[in-house]
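S.K.: This is the structure, below, for whatever I ask next.
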Amino acid sequence: MSWAAHEFEDYFIQKHVGTKASFVAVCLGALLPDLFTKAFVYNHKGNVAHFHRGWPGVGPTHSLIFGFVLAVLILGITKSRSWALGILIGQWAHVFTDISDTAGVMPFFPFSTQNISISMWKHAAFEGRFGDAAAYYSGLGGVWDFFWFVVVILFARNTLRADYFWQVVVPADLKVWSWFRRRLYLSDNGLLVLYRAYFLYGAGRMVSWFLYARFDVKAPWQPVWGGPNYIKGTHLMTQSWQHILISTSVGGVLFCVFLYLCWVTFIKRLWRRGADPEIVERGSGLRVAFH
């Protein structure tokens, strides 16, 4: 699991999707897998990693089909292409990020229940929330978060600019940002602060948990592949590489065929019935329409 990278990734994704996807939907999509599971995972008494990422358990929330089904439902109910695309992109980004820990994910569930992992850092949810955070920020997990922080600062910092917010983010989701204004009684500056706050939340979370691991728990700093070594961690990818390769390949092919059949039978029709955001005039024209 990632503790802050999901927040930073959203801004990097925003740079590349522009007005095609809702930023709020991307953020929500990236949160959904853990939003549905974390409370249960940390209170689970059995094999926590298997429950979190395997089957039977809540592992399907970390599969590609979970985001796909949610996106199709949103497209069918709201007819919003930007929200459907945002949910799909955000959830899939979460799935691919969580391949990095030792538990991995089942990307092609239900066509394959094989977990895929590159075992970059330990999955330590069995240690509880605080122990899990300490372990994450004692290995390459913390480095991974910092990497995405730097990526946003170096390559996507324009997404944090006020003009980008008004010219790209708001037009892609005018109704939602208008709702935030009304319900939270926010000014223009207040909305901009709200938009930037998610990035600052990720940065604050990263720094505070790292300091907690170093100075409160005093866990050893072991940024090595598969670390930290002071805890055992949990591995779900225990089969032979031949079994993993065959199971994953078959599952991936079946998943792609499934997506294609869904597209030609009903999703293409839903997409055509859907609507893109109405991009209003930039600058002051947008603010007049927004108000």
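The values are calculated or read from the model by the stated rules, or taken from the named source; none is laboratory data. Because the structure is predicted, anything quoted here is derived from the model rather than measured. Cβ: placed from backbone, ideal geometry, glycine included. Neighbour counts: every protein chain shown. Surface accessibility is based on the protein's heavy atoms, side chains included, excluding ligands, DNA and RNA. Shrake-Rupley method; radii C 1.70, N 1.55, O 1.52, S 1.80 Å.
S.K.: Could you list which residues have their amide H under 5 Å from that of residue 105, counting only those 5 or more apart in sequence or on another chain, with H placed in the peptide plane?
M.R.: The list, which skips near neighbours in sequence, is 116.
S.K.: Running a GNM on the chain with Cα contacts under 10 Å, which residue among 57, 190, 141 ends up with the highest mean-square fluctuation?
M.R.: Taking springs between Cα atoms under 10 Å, the residue moving most is 190.
S.K.: Within the chain, which is the longest segment that contains none of the chymotrypsin sites (Phe, Trp or Tyr not before Pro) sitting in a DSSP loop with at most 12 other Cβ atoms within 10 Å?
M.R.: 1-184
S.K.: For the chain, give the percent of accessible area contributed by carbon and sulfur heavy atoms, probe 1.4 Å, rounded to a whole number.
M.R.: Carbon with sulfur: 67 percent of the solvent-accessible area.
S.K.: Follow-up. Around residue 102, under 12 Å between beta carbons, what's the net of Lys plus Arg minus Asp minus Glu among the other residues?
M.R.: +1
S.K.: Give a residue-ordered list of calculated ³J(HN,Hα) values for the range 96-111 (Karplus: 6.51 cos²θ - 1.76 cosθ + 1.60, θ = phi - 60°; whole Hz; x for Gly, Pro).
M.R.: My calculation for the range 96-111 gives 5, 5, 6, 5, 6, 8, 5, 7, x, 9, 9, x, 10, 4, x, 6 Hz in order.
S.K.: Obtain the radius of gyration and the Kirkwood radius of the range 93-133 from its C-alpha atoms and give Rg over Rh.
M.R.: 1.04
S.K.: How much area per residue is accessible in the chain when the probe is 1.4 Å and only protein heavy atoms are counted (Å²)?
M.R.: Per residue, the chain has an accessible area of 48 Å².
S.K.: For the chain, which longest stretch is free of loop sites, where a loop site is one of the trypsin sites (Lys or Arg not before Pro) that DSSP puts outside H, G, I, E and B and that has at most 15 other Cβ atoms within 10 Å?
M.R.: Longest stretch, sites excluded: 80-160.
S.K.: For the chain, what does the relative contact order come out to in percent, with C-alpha contacts under 8 Å and a separation of six or more?
M.R.: 27
S.K.: Using each residue's phi in the range 14-26, evaluate 6.51 cos²θ - 1.76 cosθ + 1.60 at θ = phi - 60° and report the 3J(HN,Hα) Karplus result to the nearest Hz, with x for Gly and Pro.
M.R.: Going residue by residue, I get 4, 4, 9, 9, x, 8, 6, 9, 6, 4, 4, 5, 4 Hz, with x marking Gly and Pro.
S.K.: Can you return the aspartates and glutamates within cross-link range of residue 45? Criterion is Cα-Cα under 13 Å, with same-chain partners fewer than 8 residues away left out.
M.R.: Those aspartates and glutamates meeting the cut-off are 127.
S.K.: Oh, and also: According to the Cα gyration tensor, what semi-axes, each the square root of 5 times an eigenvalue, does the equivalent ellipsoid of the range 7-81 have, listed from largest to smallest in whole Å?
M.R.: Semi-axes (√(5λ), whole Å): 27, 15, 9.
S.K.: State the label only: which of [x] 40, 30, 16; [y] 29, 23, 20; [z] 34, 26, 15 corresponds to semi-axes √(5λ) of the Cα gyration tensor in Å computed from the shown model?
M.R.: [z]
S.K.: Continuing with the same structure: Residue by residue through the range 66-77, which ³J(HN,Hα) values in whole Hz follow from phi under the Karplus form 6.51 cos²θ - 1.76 cosθ + 1.60 (θ = phi - 60°), with glycine and proline marked x?
M.R.: Result, rounded to whole Hz: 5, x, 4, 5, 4, 5, 5, 4, 5, 4, x, 7.
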